[in-house]
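All remarks here apply to the structure that follows.
The values are calculated or read from the model by the stated rules, or taken from the named source; none is laboratory data. Remember, it's a predicted structure, so these values are computed and weren't measured experimentally. Heads up, the Cβs are rebuilt from the backbone with ideal geometry, glycines too, and the neighbour counts pull from every protein chain shown. Note: accessible area is taken over every heavy atom of the protein model, side chains too, but ligands, DNA and RNA are not part of it. Shrake-Rupley method; radii C 1.70, N 1.55, O 1.52, S 1.80 Å.
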Amino acid sequence: MATPRATVAESALAAVSESVLVVSESTLVVSEAALAVSEPALAVSQPALVRRGLAARGAAVLLSPYARLALLLLLLAGGAACVLAFAPQQLLTRQLAPGFSGLAAATVFAVGYGLCTVAFVPRPLLNLAAGALFGTPLGLTSALAGTVFGAGLAFVLGRALGQDALRPLLRGRWLRAADGQLSRHGFRSMLAARLFPGVPFWAANYCAAVSRMRLTPFLLATALGSIPNTAAYAVAGARASAPTSPAFLIAMACIAVPALAGTWVAWRKRHHLNAG
């Protein structure tokens, strides 16, 4: 026969067991409710994760070296097409708008000059136009500013969009030698390229961009090396109305002599290479 004390203990134990069972059932209900809520959230998050993955892959493709190179080529092709469509050589014969002259007009011309050089417009044509429109001092200043601006713009575009894709292709002996010269002796190499009339302006810009040459010596060498040739063309453009004047004749001589010397040096180099 159970004692009263044991009966009380059993009753207390039974009450505690019932309480635990109620709490467990409540916890199970809450867990089922949480699961019911999390399932739609999981269903919603899966498409979001898929979209994020696709966006990341798309960004990786668009930022890849060859995609950036394709963008550079597309920009250059578009610029060349605009040049062919709008014929910037008409700057030689067109006068600026009435009341628009002086420093403001020269600044606008310099910006247009730089954009045209990126699109492969020949610099001699633009230099002649600068001299014809603004005279020698302001024309020379505007042409030099446009030269540096255009070279810097081409350098930045080539470095940002083309360097990573083109550097692995520098495998030939001559290409590696040119890259090493520009990378190690950037200033003097670019200065020589600007002074030598046989090196195309755009080619020097993009070769320097693909190399490891820094921007500051590139711009400085461009500014200093472009002065003689630019000045000669600007003077010729300013004095074109008087082709027998000493200034015009001296300018033409300064244009012709370096061109002939460059042609002779190139011929000699080619002769030695063929003989070797």
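Quick look at the values:
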| read-out | value |
| --- | --- |
| Surface accessible to a 1.4 Å probe, per residue, for the residues of the stretch 149-236, Å² | 49 Å² |
| Point-to-point label distance, A253-S241, nm (Cα→Cβ direction, 7 Å offset) | 2.5 nm |
| Sulfur and carbon atoms: percent of accessible area, the stretch 167-223 [1.4 Å] | 65 percent |
| Efficiency of FRET from Cβ geometry, A80 and L170, R₀ 25 Å, rounded to 0.05 | 0.50 |
| Residue-level accessible surface for L71, protein heavy atoms, 1.4 Å, Å² | 80 Å² |
| Using a Förster distance of 51 Å, the FRET efficiency for V199-S101 (Cβ separation, nearest 0.05) | 0.90 |
| Burial order of peptide ranges 231-241, 132-142 (average beta-carbon count within 10 Å, highest first) | 231-241, 132-142 |
| Angstrom value of the Kirkwood radius, inverse mean 1/r, which spans all Cα pairs in the stretch 112-233 | 14.5 Å |
| Protection proxy ranking of 148-156, 102-110 - average other beta-carbon atoms within 10 Å, highest first | 148-156, 102-110 |
